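First the structure, in the form of structure tokens, and then the observations on it.
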Amino acid sequence: MRGLFSSRLGFILAAAGSAVGLGNIWGFPTQVASNGGAAFVLVYLVMTALLAYPVLVAEMLIGRYAEANPVDAYFKVSGGKPWGRVAGYWGMLTASLILSFYAIVGGWMMAYLAKYLVTIPGWNTVSTWLGSASVGRNLIFCLGFLALTATIVCGGVSQGIERWSKRLMPLLIVIIVLLIIYVATLNGAGEGWRVYWIPDFSLVFKADLIISAMGQSFFSLSLGVGTMLVYGSYISKRENLLNLGVWVVFVDVGVAILSGLLIVPAIYVAQASGIDIYQESGQLISGDGLIFTVLPALFANMGGLAIIVPIAFFALMVIAALTSSISMLEVPVSYSVEKKGLKRSLAAVSICGVIFLISSLIIFNFERMFSFMISLTTEYSQPLLGLLICIFVGWIWSRDQQLSEIKQGNPQVEDSLFWRIWPVYVKYICPLLVIMAFVHSFI
Ligand code: PHE
């Protein structure tokens, strides 16, 4: 028997948990800081509403209609053509490859969490080891992170994914709000709030900014790779998909904006306490320099009871990463369980084993492979898969079947503005936007 989410809230928290990840808490604020502050936020919101939300609905709709893993789902909406399956295989491969680098980063977050925890009993040598990058540490924690991911996925849809999302997502929101309040009281935070809220409108129409905002919103909503399709396939036919989609976007964007309110002021607090926040090129430090150099330097300056702050911060990162990684793993697991008849636990563990091998390869060839894997999957594969979803829904899948599926849980949809616009929109506008962005990124 296929799993189902047991409640509406369960689905919303699981899908929002997939969406809310390192992309929100790390990627979004650093993009904001280096792309004109509120101007980026504005373009991001527009991109999410105009492009990402319609694609999200399309992906969830395919999943719920087919009630199957991505490979079978695309096969079904293509009207039983064997080439339909290709999109499913490609998505599954991309989801697995994203997991292979995501688990490395998730492992770093766990290592840093442990680093601050072990200072409580005073294990300073261990703490130093945990905080310095080494192949050994990276391998161990990457494996630990994958093991946690597999453990949750082994529990199944409602007893694993849903149950843990329901526990972790509220905790994530509480931690982030408390951290925002704390950082706001520190010296220098005001400057960060100012930078965050004042848009530099000269940047709003720059192609680069629009492309970055589009990529960010695709990644952040976990689009294209089959996670939203699989989660969609576990939604009851009684639910209104359009509303569920709005909720997921709302939580995802909300947490991204909250993360900005945490990270951007924190950068300026670090500066006020004498930490260098600019790179040699004059740009604001972003990426791992920010998370593993600037912020720890800031934490070190806090002293005393403030040890709780870095613990809360890295716990937040681990939680965000974990609720996303389980959704990535669910894509190949759902396929192996349904198509190959594997037991869920065996599927989860063996797929994580293969992913760990790929992660190890990346760890051993870090300089060459890490950023390559990120751009291959998120800058190329993900937008192209988004384009494929639009092609399936706009050009291949029968309109009547779409309507009857979307009507389930939403009987009035046929007369709504949404149904008048969306089909045309997904057919012409969304593919065009993706193609334009894609062509631009090549020149
Ligand atoms: N949305 C996640 C984040 O923001 C990343 C992700 C991508 C999750 C693709 C699942 C699939 O970090």
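Could you sort the peptides 395-402, 62-69, 425-432 by per-residue average Cβ neighbour count (10 Å cutoff), highest mean leading?
Details: 395-402: 13.9, 62-69: 23.5, 425-432: 17.2.
In decreasing order of mean packing, 395-402, 62-69, 425-432 become 62-69, 425-432, 395-402.
For a protection proxy built on the mean count of beta-carbon atoms within 10 angstrom, sort 242-254, 47-59, 316-328, 76-88 highest first, please.
On the way: 242-254: 19.8, 47-59: 23.1, 316-328: 25.6, 76-88: 16.5.
Highest to lowest by the protection proxy: 316-328, 47-59, 242-254, 76-88.
With a point put 7 Å past each Cα toward its Cβ, work out how far ILE198 is from GLU367 in nm, to one decimal.
4.1 nm
Given only helices, namely DSSP H runs of n ≥ 4 each adding -39500 (n - 2.57), what is the per-residue ellipticity at 222 nm of the chain, to the nearest 500 deg cm²/dmol? List each step's numbers first, then the result.
Values: 21 runs with 308 residues, N = 443.
Counting only the DSSP helices, I get -22500 deg cm²/dmol.
From the phi of every residue in the range 134-139, what ³J(HN,Hα) in whole Hz does the Karplus formula 6.51 cos²θ - 1.76 cosθ + 1.60 yield, where θ is phi - 60° and glycine or proline is x?
8, 4, x, 4, 4, 5
Using the Karplus equation 6.51 cos²θ - 1.76 cosθ + 1.60 (θ = phi - 60°), what ³J(HN,Hα) coupling, rounded to whole Hz, does each residue of the range 266-280 give in order, writing x for Gly and Pro?
The phi angles translate into 4, 4, 6, 5, 4, 4, 4, 9, x, 8, 6, 10, 10, 7, 4 Hz.
Count the net charge of all other residues whose Cβ sits under 12 Å from the Cβ of GLY289, scoring Lys and Arg as +1 and Asp and Glu as -1.
Values: positive: none; negative: ASP276, GLU280, ASP288.
Counting the neighbours of GLY289, the net charge comes to -3.
Among ILE263, THR227, VAL55, which residue has its Cα positioned farthest towards the positive end of the charge dipole of the chain, with +1 placed on the Cβ of Lys and Arg, -1 on the Cβ of Asp and Glu, and the dipole taken about the Cα centre?
Toward the positive end, the furthest listed residue is THR227.
Mind listing the long-range amide H neighbours of LEU284? Cut-off is under 5 Å, sequence gap 5 or more, other chains count too, H placed in the peptide plane at 1.01 Å from N.
For LEU284, the qualifying residues are GLN279.
What's the angle, to the nearest 10 degrees (0 to 90), between helix 38-47's Cα axis and the longest principal axis of the chain?
Roughly 20 degrees, rounded to the nearest 10.
Per the Cauchy relation, a quarter of the hull surface: what is the mean projected area of the convex hull of the alpha carbons in the range 247-363, in nm²? Each step should come with its number before you reach the end.
Numbers: hull surface 43.5 nm².
Here the figure is 10.9 nm², rounded to one decimal.
For labels at ALA297 and ILE443 in the simple 7 Å Cα→Cβ model, what's the distance in nm?
Modelled inter-label distance: 4.1 nm.
By a straight-distance test (C-alpha under 16 Å), which lysines pair with LYS339 as possible cross-link partners, with residues fewer than eight away in the same chain excluded?
Within the straight-line limit of under 16 Å, LYS339 reaches these lysines: LYS76.
Starting from the 7 Å offset along Cα-to-Cβ, what nm value, one decimal, do you get for the label separation of THR185 and LEU432?
If labels sit at THR185 and LEU432, their model points lie 5.3 nm apart.
How large is log10 I(q)/I(0) at q = 0.13, 0.14, 0.16, 0.23 Å⁻¹ when the Debye formula is applied to the Cα atoms of the range 43-166, each weighted equally and without solvent?
Log-scaled intensity ratios, in q order: -0.79, -0.87, -0.99, -1.22.
Starting at the first residue of the range 98-108, write each ³J(HN,Hα) from the Karplus equation 6.51 cos²θ - 1.76 cosθ + 1.60 with θ = phi - 60°, in whole Hz, x for Gly and Pro.
Ordered by residue, 3J(HN,Hα) equals 4, 4, 5, 8, 4, 5, 5, 5, x, x, 4 Hz.
Coordinate-derived values only; no laboratory data. This one's a predicted model, so the numbers in the text were calculated from it and none came from an experiment. FYI the Cβ positions are ideal-geometry reconstructions off the backbone, even for glycines, and counts take in every protein chain you see.
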